[in-house]
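The values are calculated or read from the model by the stated rules, or taken from the named source; none is laboratory data. Note that the structure is predicted; figures quoted are calculated from it, not measured. In this analysis, Cβ positions are derived from the backbone assuming ideal geometry, glycine residues included, and neighbour counts consider all displayed protein chains.
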Amino acid sequence: MLHPVRDDQLQVFSARFNEVFRKCQCPGNICFLHGISTHNGRLCVAMRFSEGSIGDRMARLKGGRLPLSDVLRYGADLPLGVLELHYMGIFVQNLQSCNFLLDDNDQEAWFRFIPYIST
């Protein structure tokens, strides 16, 4: 869920979100956005369910370290997702292991982001 948005800013926020939403409809390495809704006065962004993040996986492993093969695989896939976002004009600054989601087969990484939407 996002932080509360004042009622007088909802229209501006919705317009900015729609602009970002259109850009994110078909990228390959980016988590697909399904839409936006309000719940108990808060804005919610609906995204595809994932099995967890790289940070979650590290927390479950003894010593908190990923095998080298996974590090190399993620290291090759993750920059592609960031590159796709940059090509679309969306710049992400919050790059951390908990924002990189794993797919159902742990075969490739998806990037979860809530872009900065200024109101």
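Okay, residues lined up against (1) at pLDDT below 80; (2) outside any helix (DSSP H, G or I); (3) surrounded by fewer than 17 Cβ atoms within 10 Å (Cβ to Cβ):
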{"residue": "THR38", "(1), (2), (3)": "yes, yes, yes"}
{"residue": "SER50", "(1), (2), (3)": "yes, yes, yes"}
{"residue": "ASP70", "(1), (2), (3)": "no, no, no"}
{"residue": "GLY75", "(1), (2), (3)": "no, no, yes"}
{"residue": "LEU78", "(1), (2), (3)": "no, no, no"}
{"residue": "GLY81", "(1), (2), (3)": "yes, no, no"}
Please count how many residues of the stretch 83-109 are assigned to a loop (DSSP other than H, G, I, E, B) and more than 18 Å from VAL20 (Cα to Cα). 8
Exactly one condition in (1) at pLDDT 70 or above; (2) surrounded by 12 or more Cβ atoms within 10 Å (Cβ to Cβ); (3) not acidic (Asp, Glu) is false for ILE30; which is it? (1)
